[in-house]
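Peer 1: One structure, as structure tokens, below. Some questions next.
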């Protein structure tokens with residue numbers, strides 16, 4: 001398998017589309033649904049080897065060349081939002097691309113591109129909303145996930161919103177981000193169902 005490289009601003013449209021197809025094929029066809037949300041060091045290493053340079057290029061360029069088409073913007077969001085969490089699991093860099101991923105998601109939603117996507121694609125387009133440490137964005141996240149009509153996914157979005165409403169941030173990120181946990185957050189993190 002070849003490694004995707006390139007410096008976003010210098011990529012021609014056909015290169016962007018080819019790279020986007022590679023990302024989308026990997027995420028939606030090579031991986032199972034379960035692998036999207038499983039902690040797996042081997043998978044993390046595969047993603048890092050294959051996509052870390054693309055992630056760096058997207059982040060440094062603001063994904064300028066990827067904003068003009070639904071497939072490329074979805075691929076960029078997956079790289080920035082999902083692959084970042086695989087490549088830098090447990091590190092602050094896992095969250096470094098969140099604001100750009102959120103910007104891209106809002107760009108796509110604002111153009112109505114999500115309406116032409118499959119429910120599974122929309123779920124990953126909306127994930128940057130769910131990952132935001134902002135109560136207003138969390139409310140938007142719940143609305144978008146409710147539009148999918150999948151009760152399991154809606155419950156997941158509401159659980160994220162509830163954590164932000166309670167703490168104003170995701171306590172599960174505190175260690176990676178060098179933030180001190182409050183006593184209430186430490187109590188929350190000690191629960192087996194705590195995750196964010």
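Peer 1: Please find, among 139, 132, the residue that is surrounded by fewer than 17 Cβ atoms within 10 Å (Cβ to Cβ), within 29 Å of residue 73 (Cβ to Cβ) and either free of Cβ contacts under 8 Å to residues at least 40 places away in the same chain or not assigned by the TED database to the domain that holds residue 104 (or both).
Peer 2: 139
Peer 1: Residues to consider are 65, 94; find the one that is in a helix (DSSP H, G or I) and either over 25 Å from residue 12 (Cβ atoms) or assigned by the TED database to the domain that holds residue 160 (or both).
Peer 2: After applying the criteria, what remains is 94.
Peer 1: Scanning the range 144-175 for residues that are over 17 Å from the mean Cα position of the chain (by Cα) and part of a loop (DSSP other than H, G, I, E, B), which turns out farthest from residue 36 (Cα to Cα)?
Peer 2: Among those that are over 17 Å from the mean Cα position of the chain (by Cα) and part of a loop (DSSP other than H, G, I, E, B), it is 168.
Peer 1: Which of the residues spanning the range 21-32 are in contact (Cβ under 8 Å) with a residue 12 or more places away in the chain and either under 18 Å from residue 127 (Cα atoms) or within 14 Å of the chain's Cα centre (by Cα) (or both)?
Peer 2: 23, 24, 26, 27, 28, 31
Peer 1: Looking at 46, 85, 89, which one is under 24 Å from residue 141 (Cα atoms) and free of Cβ contacts under 8 Å to residues at least 12 places away in the same chain?
Peer 2: 85
Peer 1: Kindly indicate whether residue 71 is loosely packed, with under 15 Cβ neighbours inside 10 Å and either more than 28 Å from residue 170 (Cβ to Cβ) or outside the structural domain of residue 177 (by the TED database) (or both).
Peer 2: No; evaluated as a whole, the condition is false for this residue.
Peer 1: Just give me the residues in the range 176-196 being touching a residue at least 40 places away in the same chain (Cβ under 8 Å) and either in a helix (DSSP H, G or I) or under 20 Å from residue 158 (Cα atoms) (or both), in sequence order.
Peer 2: Listed by number, the residues that qualify are 176, 177.
The values are calculated or read from the model by the stated rules, or taken from the named source; none is laboratory data. This is a predicted model, so every value here is computed, not measured. Cβ: placed from backbone, ideal geometry, glycine included. Neighbour counts: every protein chain shown.
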